[in-house]
């Protein structure tokens, strides 16, 4: 598939896909006309890259982790990256806890503001935000 189709199917922009390729995260074959052609397996790889980015990992770390993740799926050991994986997991866990605390602080402000009459925040009433936060 060409880059436009890969972009549509994964939600990643063509620019991001080219950048992932420049970083060695995905690969393509070139047509005689110089166009990139990607295999079906690239869909899952792009999804995995985007998921790891969403978890807060940077591209350099993802580049180091991908071979380990794919080796583990094939049942091959990847002990050289196990420490790195554990450290990244701990970092992600800390980030999750920090985000949960931030959400609790925001909920507290929203509920307190709603209790004193519902001032306007960003063009919408805090009561509406508080109601949504309770759901």
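So for the pair residue 18, residue 89, with labels modelled 7 Å out along Cα→Cβ, what separation do we get in nm?
About 3.8 nm separates the two model spin labels.
Listing 96, 26 from the residue with the fewest other Cβ atoms within 10 Å to the one with the most, what is the order? Show your work: numbers first, answer last.
Working: 96 12, 26 24.
Ordered from fewest to most neighbouring Cβ atoms within 10 Å, 96, 26 come out as 96, 26.
Most exposed first by the Cβ proxy, i.e. fewest other Cβ within 10 Å, how do 102, 1 rank? Provide the component values of the computation, followed by the final result.
On the way: 102 10, 1 16.
If I rank by nearby Cβ atoms, fewest first, I get 102, 1.
Values quoted throughout were computed directly from the atomic coordinates according to the rules given, and no laboratory measurement underlies them. Owing to the predicted nature of the structure, the values given are computational and were not obtained by experimental measurement. Quick reminder, even Gly has a Cβ in these numbers, built from the backbone with ideal geometry, and neighbours come from all protein chains shown.
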